[in-house]
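Visitor: Have a look at the structure that comes next, please.
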Amino acid sequence: MNDAEKNIEKTWRELSPGQVDHFFKICSERATSLAESAHSWRLELSKYLFTANTGAAAGLFLLLRTSPDGRSYFHAFCLFCIGTFFVGVSHFFAADWGHTLAEGWTKDFNKLMRNEITLGQLDAGHRARCTSLKFRLVRVGLWLSFACLLSGGIVAAKPFWSQPFKAAIALPQTNPKTASHAMTHAATST
């Protein structure tokens, strides 16, 4: 058993001044790190998924108005809206989880300073909060949002796949007489 394993079951007052300085530095750095990074990557992913889902939903909403048969676009629109909902739910749980994580760490650290718990109990409490149901709900919500983004994109692209390529980009037909008249008029007016 090494020194770190021996110290894990000690209260704050049972540690030597050198050990207190060592563990205080580690604990304060950990608290700072938690405060800075609890939301950073989830927040960025949430922003991306929110932007992608709402942008796609808005685009499909406009496409629905111009499409004669908009059922598949409507389904894709609904998938993007559901994906936006899941991003919101995930963002809510991420914020709540981050708050719970930082608050729990602070409370446990204060208990450690009052010799109510040991370093091992501090670590066990933190690990339990890190793997709580809120944390899992954040991940599930983000995965569901991503799945809605992909499936909405596939459903929206399906009408294009079912038609020949030329039909999808067909240019409007022009009357040869009016086209030559327009070209003649454009040439003489300059």
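Visitor: Could you give the length gained by full extension between F74 and N115, i.e. 0.36 nm per residue of separation minus their alpha carbon distance, to one decimal place?
Guide: Contour length minus the Cα-Cα distance gives 8.7 nm.
Visitor: Suppose R0 equals 41 Å. What FRET efficiency, 1/(1 + (r/R0)^6) with r the Cβ-Cβ distance, do K107 and L150 give to the nearest 0.05?
Guide: Working from the Cβ atoms, E equals 0.50.
Visitor: Fewest Cβ neighbours within 10 Å first, please rank T100, T51, T84, T131 accordingly.
Guide: Ascending number of Cβ neighbours within 10 Å: T131, T51, T100, T84.
Visitor: Multiply the residue gap between E14 and L43 by 0.36 nm, knock off their C-alpha separation, and tell me the result in nm, one decimal place.
Guide: Full extension from E14 to L43 adds 6.4 nm.
Visitor: Starting with the fewest neighbours, write out R13, R30 ranked by other beta-carbon atoms found within 10 Å of each beta-carbon.
Guide: Final ranking by Cβ density, sparse to dense: R13, R30.
Visitor: First measure r as the distance between the Cβ atoms of F61 and V140, then evaluate 1/(1 + (r/R0)^6) with R0 = 22 Å and state the FRET efficiency to the nearest 0.05.
Guide: With R0 = 22 Å, the Cβ-Cβ based efficiency is 0.20.
Where a number appears in this text, it was derived from the coordinates with a stated rule and is not lab data. Just so it is clear, the structure is predicted and the values come from calculations on it, not from any experiment. FYI the Cβ positions are ideal-geometry reconstructions off the backbone, even for glycines, and counts take in every protein chain you see.
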